[in-house]
Amino acid sequence: MSALSGKTRLGLEILGVAAALAIAGDTLLRATPWGLNAFVCTAGLVAATAWLVRRGGIAASGDAPWLAGTALLLSSTFVARDSGALRAFDALGLAILFSVAGLSLRGATLRGRYAWDYLVAGVTATASACIGVLPLVARDVRWSELPSGGALRYARGASVGALLAFPLLLVFGGLFASADPVFGNLVTNALHVDFTAVASHTAFIVAGTALAAGYFWGSVVRTTPPLPLTAPPDLALGIVPVGTALGLLDVLFLVFVVVQLRYFFGGTELIQRTTDLTYAEYARHGFFELVAASSLVLPILLGGDWALRKEPREHQRMFRYLAGLLLVLLAVVMVSALRRVWLYVEEFGLSEIRLYATAFMAYLAGVFVWFGWTALRGQPRRFAFGALVQGFAVLAGLHVLNPDAFIVRTNLTRPPSHRPFDASYAASLSADAVPDLLAAFPRLDEREKCLAAARLLRRWTRDEDWRTWNLSRARARRRVREQEATLRALPCKKHGS
């Protein structure tokens, strides 16, 4: 019996770890909304990565420890906050962290790299997760090295046969159970087999194993990156086309800014006279268009800086002047956008989409300042890492702010002259908003109390699966149950609820 090579042993360990993670994910992550289960699965993925790196003798860069710590910290927010939007951003943040972790696991530092490197890292990690299991199984694991003599040979053959037969049994068994009720009852009641459930769990475990094994293959086994991670490919356009395009864009922004200075900052009467819109309607109209326009400026400037990075100094200097002017004009556009949304908030109140759009604009403002300080001063390699850190800083700030609770508090402080407090909307927010809403109950009119009470009782009096345990949801359930008798005693029939 020949000894296993290091690559085969590492490949088998990857497959075993990936299968264990997939089984754990199937057991834990089916319960939603995610809470404790998301943290446990992330911790398992971090621990598995660390174990495989140690087993494989991988020389990861010094960024690996803080990336692992950041992933654990970010996943712990699933246990603390209940906001669905925050959970989505946290999941996106985890995906970004594990994507750039591939650079660190291949020995590359994250600082001082082009934005192109991060883009390639994300694409590479995604491709590895999707198809990496194929070269792992077909090439890196040499199955001929496995023991094949005696009883092991028959056991291995039987195992392969069982694996081949399993999907066939599911397909034909499900068809027979659907075709014949007697057979279906026999299988379901006597054998306690639900073909649909078995197929669902099998598909999840197989897909999870393939994705985890593919990610580990790309990060641990495949040490040579498919594309160079030093600089983006050359694109020599020259200052004339780039400068012309940027100059025309400056002119467009300048015209828009002049219009903004006259109409938007000119007062209510001027807007109503020229647009037939109220001030609040004008503020709402175009805010998200301005957010989209602001976000599109960054890739344009990055592309221009990339196209001119090998041009003479005077050409690069001209680009920086034009880009700097665009950033100044963009600052006015962003101030206009923020002023629009907050005028609308004063009229109609704060909502999730308005709050997160404002946070995104704040992030863009910081990124543009950082771009001017780095790329426009001839230091483009410093930009990408700083922009990445700023994104996680804004996400951390949102968790500290507690958006849903902040929305309730903000709307409660608005004078009810324009529009009263919408208790039904507040009760539709996550568990993060429940303590502030219950504390404000004495200040609400009877109709709003009834609308909020009905939704709170419907959402927060049911028991919770331990897998989805979350501090905010546990607190909301406790607060609602403490006041359940009072909420049910409200004379809501008089108010049509």
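A short reminder: the numbers here are calculations on the coordinates, not readings from a lab. The structure presented is a predicted model; accordingly, all values stated were derived computationally and were not measured. Every residue, glycine as well, gets a Cβ built from its backbone with ideal geometry; the counts of neighbours run over all protein chains shown.
Would you please state which residues of the stretch 360-388 a label at residue 313 would reach in this model, taking the label point 7 Å out along Cα→Cβ and a backbone N cut-off of under 12 Å?
none
What value in Å³ per residue do you get for the convex hull of the alpha-carbon atoms in the stretch 405-495? Numbers along the way, then the final one.
Working: hull volume 8.0 nm³, N = 91.
In the stretch 405-495, the Cα hull volume divided by residue count equals 88 Å³.
Remind me, relative contact order of the stretch 358-497 in percent, using alpha carbon pairs under 8 angstrom and six or more residues apart?
19 percent
Report the full-extension gain for the segment residue 31 to residue 252: residue separation times 0.36 nm, less the Cα-Cα distance, to one decimal in nm.
74.5 nm
Subtracting the Cα-Cα distance from 0.36 nm times the residue separation, let me have the gained length for residue 396 to residue 201 in nm, one decimal.
Using 0.36 nm per residue and subtracting the Cα-Cα distance, I get 66.7 nm.
Give the residues of the stretch 395-416 whose amide nitrogen is closer than 17 Å to a point set 7 Å from the Cα of residue 447 in the direction of its Cβ.
Label zone hits: 416.
For 66, 469, 370, what's the fewest-to-most ordering of other Cβ within 10 Å of each Cβ?
Placing the least packed residue first, the sequence is 66, 469, 370.
Quickly rank 447-459, 429-441 as a protection proxy: mean count of other C-beta atoms within 10 Å, highest first.
Listed from highest to lowest mean packing, they are 429-441, 447-459.
If packing is taken as the mean number of other Cβ atoms within 10 Å per residue, what is the order of 250-257, 214-221, 72-79, highest first?
Answer by packing, highest mean first, reads 214-221, 72-79, 250-257.
With a 10 Å Cβ neighbour count serving as the proxy for reagent exposure, in which order, fewest first, do 463, 140, 117 appear?
Least to most surrounded, the residues fall as 463, 140, 117.
Once you order the gyration tensor axes a ≥ b ≥ c over the Cα atoms, which shape class does the stretch 1-90 get: rounded for a/c under 1.5, otherwise prolate or oblate by comparing a/b with b/c?
Numbers: a/c = 4.36, a/b = 1.75, b/c = 2.48.
Oblate is the answer for the stretch 1-90, as a/c is 1.5 or above yet b/c matches or exceeds a/b.
Regarding the stretch 338-415, what is the average projected area of its C-alpha convex hull, in nm²? Walk me through the intermediate numbers first.
Numbers: hull surface 22.5 nm².
If you wrap the Cα atoms of the stretch 338-415 in a convex hull and average its projections, you get 5.6 nm².
Could you give the nm distance between label points at residue 51 and residue 3, where each point is 7 Å from its Cα heading toward the beta carbon?
Once both label points are built, they end up 2.3 nm from each other.
Order of 391-398, 482-489 by packing, highest average Cβ count within 10 Å first?
My ranking of the peptides, most packed first, is 391-398, 482-489.
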